[in-house]
Amino acid sequence: MNFNFQKGNNMKFKGNQEILCELGKVWDKVDGIDKVAKEILDEDNPILESIGFAWVHIMNAYMEIEDNLAHGNGNKLELKTLAQIIDVLTRIKWTGTKSRHGLIEAYQTAVQDVAKFNDIHRNTIADACTRRLRLDGRDDFLELIEKWLEGDSRCLKLTLKAHCNIFEHCLIDEFFQKKKGFRENY
């Protein structure tokens, strides 16, 4: 695994999110190994117990780190801000963009449209998508979106969840599981 950890207060938090994201991938991998092992090994095989033991420890570590990140950030997004960010994501996804240039254009248009829809300044929406998520700028946000559009939503979901109250996590999960946009779901 190749980590690109950065220095500074905001970047330290980003590094923590990267660690959580990678640990989540390990948890998924161990879960897959566990399922395959259950298919090919006898129920009383001690290997299954060892794999289960590893799975529980990775899950506990993941949950503890996620909880520390969530409680370490006292400046949580309001529900309306989360809805605005998800509206930006929905509008970008609707464009069907496949290129970096197209993604930049889709982002700029989405930010402008969401700002207009909410009758607020576009910088408020851009700020929600970057600084409020403790990202270093637009390019960091676009990187998360690129991964999401390529099929890996884990880091984007973790970033959103780390900046929201825990009771809003189910809304984030539902957004990423459904084909519709945020406003159509609620």
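The values are calculated or read from the model by the stated rules, or taken from the named source; none is laboratory data. Note that the structure is a prediction, hence the values are computed from the model and not measured. Ideal geometry is used to build each Cβ from the backbone, glycine not excepted, and the neighbour counts take in all protein chains shown.
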> (1) modelled with pLDDT under 95; (2) part of a helix (DSSP H, G or I); (3) surrounded by fewer than 15 Cβ atoms within 10 Å (Cβ to Cβ): which one isn't true of residue 171, the others all being true?
Replying inline: (3)
>> residue 119 - would you say it is within 13 Å of residue 85 (Cβ to Cβ) and out of contact with any helix residue (DSSP H, G or I) (no Cβ under 7 Å at 6 or more places or on another chain)?
In response: no
>> Looking at region 49-70, I want the residues that are of a type in the set (Ser, Thr, Tyr) and have a partner that is in a helix (DSSP H, G or I) and surrounded by 15 or more Cβ atoms within 10 Å (Cβ to Cβ) with Cβ atoms under 8 Å, at least 6 apart or on another chain. Which pairs are those?
In response: 62/20; 62/23; 62/24; 62/27
> Within region 63-72, can one find any residue that is closer than 19 Å to residue 173 by Cβ and of a type in the set (D, E, K, R)?
Replying inline: yes
>> Tell me whether region 69-77 contains one or more residues that are of a type in the set (S, T, N, Q), over 15 Å from the mean Cα position of the chain (by Cα) and in a helix (DSSP H, G or I).
In response: no
